[in-house]
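The values are calculated or read from the model by the stated rules, or taken from the named source; none is laboratory data. Everything numeric here is computed off the predicted structure, so don't read it as measured data. Every residue, glycine as well, gets a Cβ built from its backbone with ideal geometry; the counts of neighbours run over all protein chains shown.
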Amino acid sequence: MTAISIDPNIWSIVSRHLLQTRSEKEQAAFLFGQYEADLSTIQVIDHQLMTDRDFASQSGDYLELQDTTRAHLIKRAHMQRACLIEVHSHPGSHRAAFSTFDFLGLQETVPHMQWRLRGQPYVAIVVAGNTFDALVWTVAARHPTALHAINAGERALSPTNLSVERWKGIKNDSF
Ligand SMILES: [Zn+2]
């Protein structure tokens, strides 16, 4: 099982950005990770916070990146030989889980990202309140797997794991 290791200061910068108290809109950030072949740990080496200009659409329950932003992120990951970890927020929600919008979006974007980044793994994280959930796509897997933890310095943060089983259900029900 994969864990993400991140500098605690970077994690708090990212968390603060995602959960801006006055914002009712979803926010997002991307982390860039390096990992060993067994994928036991992804070490975050770089990050980029998304601003209003990076979104083609940004509301309380939906986000869509500008094509130019996506292209820039892919290029930045490619240059660092890093995998991409997308993180977004659900304002007003207290227990993090990916929405049906998220599932539909991820079904489209993950294969594209993996193709553009030559088979790198891909991780999606959603944060809500002080909880988060995560899905990890390895190169060959049909379904995403759960993330073990985010290790931010001394703290090991566990996902809610509400989404990983639901993903399989949605895949089977609707596609
Ligand atoms: Zn979402």
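For this structure, a couple of remarks:
- Close Cβ contacts (under 8 Å, 6 or more residues apart or on different chains) running from residues in the stretch 53-68 that are among the hydroxyl-bearing types (Ser, Thr, Tyr) to residues that are outside any strand (DSSP E or B) and surrounded by 11 or more Cβ atoms within 10 Å (Cβ to Cβ) comprise Ser59/Lys25; Ser59/Glu26; Tyr62/Glu26; Tyr62/Phe101.
- When Ser93 is tested against the conditions (1) modelled with pLDDT of 95 or more; (2) touching a strand residue (DSSP E or B) at 6+ places or on another chain (Cβ under 7 Å); (3) small (Gly, Ala, Ser), the lone failure is (1).
- Residues (out of contact with any Gly (no Cβ under 7 Å at 6 or more places or on another chain) and under 21 Å from Ile13 (Cα atoms)) located in the stretch 42-59: Asp46, His47, Gln48, Leu49, Met50, Thr51, Asp52, Arg53, Asp54, Phe55, Gln58
- Tally, over the stretch 128-148, of residues that are more than 21 Å from Asp102 (Cβ to Cβ) and either out of contact with any helix residue (DSSP H, G or I) (no Cβ under 8 Å at 6 or more places or on another chain) or surrounded by 17 or more Cβ atoms within 10 Å (Cβ to Cβ) (or both): 1
- If you go through the stretch 35-59 and keep only what is in contact with a Phe, Trp or Tyr (Cβ under 9 Å, 6 or more places away or on another chain) and among the polar types (S, T, N, Q), you end up with Thr41, Gln43, Gln48.
- Options Leu63, Leu147, Leu73; residue that is under 16 Å from the mean Cα position of the chain (by Cα) and within 22 Å of Gly169 (Cβ to Cβ): Leu147
- Residue in the stretch 88-106 that is under 24 Å from Ser5 (Cβ atoms) and among the hydroxyl-bearing types (Ser, Thr, Tyr) present: yes
- Just one of the listed residues (Asp38, Asp46) is among the charged types (D, E, K, R) and closer than 18 Å to Ile125 by Cα, namely Asp46.
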